[in-house]
Each structure stands twice: as structure tokens, then as C-alpha cells.
């Protein structure tokens with residue numbers, strides 16, 4: 001069975017964040033944010049995060065922009081807070097981008113990959129939608145949300 005982990009960095013201290021990854025033996029963090037170097041990202045800015053992951057957890061870092069929503073989608077969601085509409089639009093975007101054709105299941109099986117975004121909880125975060133999209137396409141996938 002393939003495991004796909006997800007984590008958000010907000011409402012976590014750096015210590016709690018890195019300990020969660022280490023405790024779950026994550027080997028690569030897959031950043032799915034549109035803007036991984038936002039000034040609001042704190043310790044999770046892409047350049048800093050890649051360094052910290054290597055230095056603290058001996059873990060790799062990759063940024064997958066194709067797993068991120070568009071700026072227009074984010075703006076629309078922030079304006080209307082319509083999660084159902086956002087989910088439909090984002091799922092359609094994943095299909096349009098044909099993300100499954102580019103994924104190598106053997107890589108995911110060989111790594112303990114963790115999808116990273118900012119939201120603390122996965123309920124209304126696109127990282128959950130990405131994980132569920134992959135799980136639905138592949139089958140025999142367990143999605144594990146790292147919270148505490």
C-alpha cells in the first residue's frame with residue numbers, strides 16, 4: 001500500500017513541524033504551494049525549508065507547481081469562500097494538467113512523501129484534494145494527515 005502524507009505549517013512551531021516529519025519517517029517533502037517563498041511562510045519559505053529539511057531530518061524537498069491552484073482560483077475562493085466551487089475548479093485543473101500521467105508510482109512507493117501547504121487542517125486545503133486525486137486514480141493508497 002502506498003502512503004501519502006500531508007502537512008500544513010501554520011499553527012505549528014518549527015520544532016513541532018520537523019518532529020512530525022521525523023516521527024513519520026518522511027523522506028521527501030513535496031511543496032504544493034503556489035507561492036512557496038511568501039513572506040508569511042516564516043521557517044517554511046522554500047529556500048530555508050529545503051535547507052532545514054536536509055540539515056535536521058535528512059529529508060529531500062521538491063516544489064511541484066503543477067499541484068498548486070492558480071492565483072485566480074485562490075483569489076476567487078478568498079472572495080466567496082465557496083469551498084465546493086473551489087474543489088470543482090481545482091479538481092478540473094488537476095485533470096486538465098494531466099498530473100497522473102506525470103507521476104511515477106514506483107517513486108511514491110519508494111519514498112515516504114509528504115504534501116506540504118500552509119493550511120493547518122486538511123479539510124479545506126488543496127493538498128488534501130491532490131492526495132485524494134492520486135489515491136482515487138491509483139487505488140490502494142492511504143492518505144495520512146500529519147496534525148500533532
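Just so you know, all these numbers are worked out from the coordinates, no wet-lab data involved. Only a predicted model underlies this, so the values are computations on that prediction, with no experimental measurement involved. For neighbour counting, all protein chains shown are included, and Cβ atoms are generated from backbone atoms with ideal geometry for every residue, glycine included.
Couple of notes before you dig in:
- Region 16-25: number of residues that are assigned to a helix (DSSP H, G or I) and out of contact with any helix residue (DSSP H, G or I) (no Cβ under 8 Å at 6 or more places or on another chain): 4
- For region 133-148, the tally of residues that are in contact (Cβ under 8 Å) with a residue 60 or more places away in the chain, outside any helix (DSSP H, G or I) and under 14 Å from residue 3 (Cβ atoms) stands at 7.
- Among (1) within 19 Å of residue 123 (Cα to Cα); (2) surrounded by fewer than 16 Cβ atoms within 10 Å (Cβ to Cβ); (3) touching a strand residue (DSSP E or B) at 6+ places or on another chain (Cβ under 6 Å), the one test that residue 33 misses: (2)
- Taking every residue in region 104-118 that is over 19 Å from residue 66 (Cα atoms) and pairing it with any residue that is surrounded by 14 or more Cβ atoms within 10 Å (Cβ to Cβ), at least 6 positions away or on another chain, the pairs with Cβ-Cβ distances below 6 Å are 109/2; 111/27; 111/28; 112/26; 112/27.
- Any chance residue 61 is in contact with a helix residue (DSSP H, G or I) (Cβ under 8 Å, 6 or more places away or on another chain) and either over 25 Å from residue 144 (Cβ atoms) or without any contact (Cβ under 8 Å) to a residue 24 or more places away in the chain (or both): no
- Screening residue 41 against (1) surrounded by 14 or more Cβ atoms within 10 Å (Cβ to Cβ); (2) within 27 Å of residue 109 (Cβ to Cβ); (3) touching a residue at least 24 places away in the same chain (Cβ under 8 Å) leaves a single unmet condition, (2).
- Count of residues meeting criterion [touching a residue at least 60 places away in the same chain (Cβ under 8 Å) and either in a helix (DSSP H, G or I) or surrounded by fewer than 14 Cβ atoms within 10 Å (Cβ to Cβ) (or both)] in region 1-15: 2
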